[in-house]
Structures are given as C-alpha cells and as structure tokens.
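Here the structure comes first, spelled out in structure tokens, and everything after it is commentary.
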Amino acid sequence: MPTRAALGLPDVRGRVPLLAGLAIDSFGGGCAGPLLLLFFTRVADIPLGAAGLTMTIATLFSVAAPAAVGVVIDRVGPRNLVIGAQFAQGLAFVGFFFGRSLWLLFLCTLVATTGQRVFWSSIFSLLSDISEPEERDRWFGLGGMMQAGGFGLGALAAGALLSFNGDAPFLIAMAVNAVTFFVAGLLLTRLHSAHDARAAQDNGPAPLLRKDKPFLVLIGANSVLALCTMLMGVGLPVYVAEALPAPKWIVGVLLAAISVVLATGQTLVVRHTERRRRTNVMVLAGLLWAAWGVLMAGLLHIPAGLVVPGLVVATLVFASADVLHAATSNALAAAVAPDRGRGKYLSYWQYSFTLASVLVPAFFAQLFDRQAEYPWLAISILALAAAGTIVVLERVLPDAAVRRS
C-alpha cells in the first residue's frame with residue numbers, strides 16, 4: 001500500500017498552496033491571538049473591562065457574516081471569499097500595529113472577527129471544491145492537521161515572546177499575524193478550484209435550506225458537539241485553579257497534548273474509519289464526550305493523588321472524541337449538502353460553531369458557580385442527546401452521504 005494511502009493522506013498535487021496557506025495563517029493566529037487582549041491593555045493602555053467589552057461587541061457584530069456568505073458564495077466561489085478574508089484580516093492587524101485609540105481598535109477587531117467568520121464559512125466549501133468526493137474526508141482531516149500544527153507552533157512563539165519585556169513582543173506578534181495573512185492570501189491566488197458560478201435559486205437568505213429540516217437538525221446536533229470541543233479550553237483552567245488539587249501547569253500540558261493529537265492524527269483516524277458510516281463516527285464522538293464529562297465531574301470525588309492521572313485519562317478520552325469529530329462532521333455536512341448550493345449550506349453549517357462559541361462562556365460559568373461538577377455532567381447529558389439525535393437523523397439522511405464510499 002502506498003505510504004500516502006496508508007497515512008490517510010489525499011493527493012495534494014496542485015493543492016500545496018492551500019495547505020501552506022492554512023499552516024501559515026494558523027501560525028500567525030496562534031502567535032497573535034493569545035496576546036491580543038494583553039495588547040489592548042499593555043500597548044494601547046485600554047482598561048481590561050473596556051478591552052474585553054470592545055472585543056465582545058465586535059464579535060457579536062460579526063455573527064451575521066455566515067448568512068451573508070451564504071447569499072454570495074455560490075456566485076463568487078469560496079476561493080475568492082477566502083482570499084478576501086485573508087487580506088481583510090491582514091489589514092486589520094496592520095491597524096492593530098499602528099492603532100492606539102479605542103475606536104480604531106474596535107474597527108480593527110470588527111474587521112478581523114468578520115474576516116475570520118467569512119474564512120470559516122468559506123474554507124470547507126473550498127476544500128470540497130478542490131477534492132474528489134472519495135477523498136473529501138481526507139482533505140478535511142489534512143486541512144485540520146495543517147491548521148492545528150500551525151496554531152500550535154504559533155502558540156509556542158507567543159509563549160517565547162512573552163518572556164521579553166516591553167511593548168515589542170506584542171507589536172511583533174501583530175506584525176507577524178498581518179504578514180502571515182497576506183502571504184496566505186497570495187498563496188491562495190495560485191490555487192485553482194473546480195467551482196463554477198451558480199445562479200441564485202431564491203430571493204432571500206436560503207429558503208431551500210430553511211425547508212431542509214434534516215440538515216437544520218444536523219446543525220443543531222453539531223452545535224452541541226461543538227460546545228463539547230470548546231468547553232475544554234474554557235473550563236479546564238478554571239476547574240484546575242479553583243476546584244481541583246492539581247498543579248496549574250498541568251493545564252498547558254494537557255491543552256498542548258490535545259493540539260498535538262489534532263495536528264498529527266486526523267488523517268490516520270479518517271484512514272481507519274473510512275469503512276464506517278460518518279454518522280456512526282459522530283455518534284461515537286458524542287458517546288466519548290459523554291464519558292469525558294462524567295470523568296471530569298468524578299475528579300472531585302477521588303483521592304487527591306489520583307487527580308492528575310485522572311485528568312490525563314479524561315484528556316485522552318476528550319482528544320479521541322475531538323479527533324473523530326473534527327474531520328468527519330464537516331465532511332458529513334459537505335456530503336449531505338446538495339451539489340447546487342453546497343457553499344450556502346456549508347456557510348450556514350458554521351453557525352453550529354458560532355453558536356457554541358457564544359454560549360460556552362456563560363454555559364460553563366453559570367453552572368460552575370452553582371456546583372463545580374455541574375458543567376461536566378450537563379455536557380455529558382447534552383452529548384448523549386446529540387448522539388441520539390444523529391442516530392435518529394441517520395434514517396432520513398441520504399445513504400450516499402452517510403457512507404464514505
């Protein structure tokens with residue numbers, strides 16, 4: 001068996017600019033993203049409360065971006081939208097580099113977050129366009145690996161920059177991110193995709209999609225699974241710091257380990273699950289997340305000496321679910337979507353991740369304030385509900401979409 005096939009890799013000939021662009025873009029995001037709030041407070045001298053509110057309001061304004069993408073993506077093509085999103089984000093970070101006033105930084109944040117939403121609402125359509133149907137899962141897996149690897153390296157660079165004093169580390173991070181966006185955009189201009197402009201099928205924001213109840217239910221189920229993916233990063237630091245007898249440094253180690261799994265394992269997972277139905281893989285991810293939630297809640301009720309080993313086991317279960325869900329969920333959405341209008345469907349698919357990102361802070365904080373194990377028990381129940389929904393939904397989804405080949 002060829003090494004490429006054994007590793008679950010697709011044929012990348014002619015698509016290297018896309019892979020390089022994904023990795024470079026994610027490196028810049030990993031470098032600048034963790035430092036952005038500190039940039040507001042330390043370089044621009046904006047109070048923490050005002051900085052956080054500014055970023056939140058700008059993010060909320062960007063929520064409409066996937067719907068806007070859905071209106072135009074099948075006319076202009078996902079490649080053009082992804083390129084535009086990259087250049088827009090690059091300009092936003094040039095503004096961060098030079099800007100100091102609150103209003104200018106708000107504008108830059110709005111452009112950056114909107115560009116990010118447009119990117120995520122278009123990139124999976126682009127991956128669908130450049131891949132053969134039988135290799136689509138592999139392409140989603142490889143794309144995710146390139147992004148996770150780039151982001152992890154960028155996060156290491158951010159950590160290194162934080163070891164220096166003064167404003168320079170933050171300015172370097174903003175400049176690096178701006179450059180990576182421009183480079184990624186230029187690389188993507190060299191990519192040729194198979195997308196053809198398609199005539200609009202309606203006068204509104206996707207009435208065909210509104211009538212597709214199975215796909216809308218799938219978006220709802222995936223919103224719950226996306227909430228699972230995001231709860232770890234939001235909840236683990238607080239859980240360790242305030243509720244568990246564990247060293248705080250373990251948080252960074254565990255989150256880094258998850259990034260390594262995502263950066264190295266997605267195509268192998270696709271390779272070894274190719275004979276499985278996509279829905280079955282998503283159900284398994286939901287069941288693993290349900291088990292993970294129970295394990296996390298149980299850490300409060302075991303001897304202190306077992307807490308760190310318990311965290312390691314729980315993280316392994318989480319990472320297994322995450323790597324199963326990452327490529328398969330997007331590939332399932334792409335397969336279920338009709339050929340005519342796939343871009344619109346996949347742009348709305350991103351609302352599952354958008355809703356999860358908006359809900360996860362309040363979901364965790366409100367439940368954690370009542371009882372430390374409540375968020376984990378609640379996510380277990382929700383994950384089971386999502387898995388059950390997908391089991392039922394499988395009966396009405398097209399069999400050709402559910403099967404990988």
* Asked: Does region 286-308 contain any residue that is out of contact with any Gly (no Cβ under 7 Å at 6 or more places or on another chain), open to solvent by 50 Å² or more (accessible area, probe 1.4 Å) and not in a helix (DSSP H, G or I)?
  -> yes
* Could you tell me whether any residue of region 144-166 is in contact with an Asp or Glu (Cβ under 9 Å, 6 or more places away or on another chain), open to solvent by less than 40 Å² (accessible area, probe 1.4 Å) and either of a type outside the set (D, E, K, R) or at pLDDT 80 or above (or both)? => yes
* To do: Report the residue count in region 220-258 for those that are over 24 Å from Val294 (Cβ atoms) and surrounded by 19 or more Cβ atoms within 10 Å (Cβ to Cβ).
  => 0
* To do: Determine, yes or no, whether Ile258 is part of a helix (DSSP H, G or I) and under 18 Å from Phe353 (Cα atoms).
  => no
* Spot the failing condition for Tyr351; the list is (1) at pLDDT 95 or above; (2) within 18 Å of the chain's Cα centre (by Cα); (3) open to solvent by 10 Å² or more (accessible area, probe 1.4 Å), and only one is missed. => (1)
* **Test: residue in region 390-404 that is closer than 14 Å to Leu227 by Cα and crowded, with 17+ Cβ neighbours inside 10 Å** => no
* Candidate set from region 93-107 (those that are in contact with a Leu (Cβ under 8 Å, 6 or more places away or on another chain) and of a type in the set (Phe, Trp, Tyr)); member that is farthest from Ala51 (Cα to Cα) -> Phe97
* Number of positions in region 131-143 that are buried (at least 22 other Cβ atoms within 10 Å of the Cβ) and farther than 14 Å from Ile24 by Cβ -> 8
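Provide a single number: the residues in region 69-90 that are of a type in the set (A, V, I, L, M, F, W, C) and either free of Cβ contacts under 8 Å to residues at least 24 places away in the same chain or crowded, with 21+ Cβ neighbours inside 10 Å (or both).
Here the count works out to 7.
The values are calculated or read from the model by the stated rules, or taken from the named source; none is laboratory data. Please read all numbers here as calculations on a predicted model, not as lab measurements. Glycine also receives a Cβ, built like all others from the backbone with ideal geometry; neighbour counts cover every protein chain displayed. When the accessible area is computed, the model is the full protein with side chains, heavy atoms only, and any ligands, DNA or RNA have been set aside. Shrake-Rupley method; radii C 1.70, N 1.55, O 1.52, S 1.80 Å.
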